[in-house]
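A quick write-up on the structure given underneath.
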Amino acid sequence: MGSQSGSEIVPFKSFLSCSFPPLLFLTYLLYPPRPSLSHQIFPLLTSFSKTMETTSPRQKAEGLLHALEKYGEGDYIGESISQLEHCLQAAHQASKADARDELVIAALLHDVGQIIPLQSTRDARMTLGVSTENVGRVGHETIGALYLRSLGFSETVSRLVNSHVSAKRYLTATDIGYYNSLSTASQKSLAFQGGPFQGDALREFETDPLRKEMVLLRLWDDAAKVEGVEATTPRVQAYLDMIIRHLELQV
C-alpha cells in the first residue's frame, strides 16, 4: 500500500478515533498478550473523533466501499485472488443463501481489518518463524470489528466480523476433516491465531447465539477463493443501498 494523503486516510484512522471512551479500554482489554500491537494502535485512538460524528450513513457507506475497491486490489495473503475479490465472493455466497442483511454485510466486510491502510499496524504482521512469508495482519478480525462498530454498524455485524477467526478455531477443534480442507495459507495462519479451541473457549463458542451464522460466515470465507469468476460476482456497489439502510437503522 502506498502513501496516502491526509484527506484519504482520515476515514480509516477515524475508526479508532475514540469517539466513545470505551473503545480505548476495549482495545487494551482485547490485546493484553500483544503489548507491541496495543502500542502501535494507541496513537490512532485520540485523533479525528469529530469526523465520524458529522458523517451521514450514505457518506460512510460510500467511503467504506470506495476504500474496499481502492485498497482491496492487493494480494489476498497467500491466495491466488485479490482481497477485494475474496470479499465479494464471500458476500455473493451469503446473498445466494438468502442470509439476512447483517450476515451479508459481515461477509462483505469480514476482512476489512486486513485492507484498511493503518500505518501504525502496517508492520504488525504474522510471519512464519525466521521466514519473511506473510500470512496476514495480527488481530485483523478485531481491528475490523472495532472499525465497523465505530462507523455505526450493529453489534451483530461487528461480532460476526470479529468471529471469523474464532469460527476457524472452533471448526478445527470439532471437525477433523475441516483442517485438511483449508488452504495452505489458512493452515499456516491458524498457528498464529491460537490454534484449535479447547476447554472453556470451545464451550463458550458452542453456546453463542450467533454460532450458526458465525460458522456459515467462516465456510463462505473458506470457499471464497475461486479464480476467474469476476464476471459473475456482483461488485461492491451492489451492496451500497443495503449498507445505507443498515446504518440508518442504527441511528
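List of remarks:
- Checked against (1) more than 19 Å from HIS110 (Cβ to Cβ); (2) part of a loop (DSSP other than H, G, I, E, B); (3) touching a helix residue (DSSP H, G or I) at 6+ places or on another chain (Cβ under 9 Å), GLY228 passes all but a single condition, namely (3).
- Residue in region 165-216 that is nearest to ILE143 (Cα to Cα), counting only those that are under 18 Å from the mean Cα position of the chain (by Cα) and part of a loop (DSSP other than H, G, I, E, B): GLN193
Yes/no per residue for (1) touching a Gly at 6+ places or on another chain (Cβ under 9 Å); (2) at pLDDT 95 or above; (3) surrounded by fewer than 19 Cβ atoms within 10 Å (Cβ to Cβ); (4) not charged (D, E, K, R):
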{"residue": "GLU155", "(1), (2), (3), (4)": "no, yes, yes, no"}
{"residue": "SER163", "(1), (2), (3), (4)": "no, no, no, yes"}
{"residue": "GLN187", "(1), (2), (3), (4)": "no, no, yes, yes"}
{"residue": "LEU202", "(1), (2), (3), (4)": "no, yes, yes, yes"}
{"residue": "PRO209", "(1), (2), (3), (4)": "no, yes, yes, yes"}
{"residue": "ARG218", "(1), (2), (3), (4)": "no, no, no, no"}
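- Of residues in region 46-77 being over 24 Å from TYR239 (Cα atoms) and surrounded by fewer than 17 Cβ atoms within 10 Å (Cβ to Cβ), the one modelled with the highest pLDDT: LYS50
- Residues (touching a Leu at 6+ places or on another chain (Cβ under 7 Å) and modelled with pLDDT under 95) located in region 220-251: ASP222
- For the residues ARG203, ARG235, ARG218, the requirement of being touching a residue at least 12 places away in the same chain (Cβ under 8 Å), over 21 Å from TYR71 (Cα atoms) and charged (D, E, K, R) singles out ARG218.
- Residue check, ALA107 in contact with a helix residue (DSSP H, G or I) (Cβ under 8 Å, 6 or more places away or on another chain) and modelled with pLDDT of 95 or more: yes
The values are calculated or read from the model by the stated rules, or taken from the named source; none is laboratory data. Not measured: the values here are computed from a predicted model. Cβ: placed from backbone, ideal geometry, glycine included. Neighbour counts: every protein chain shown.
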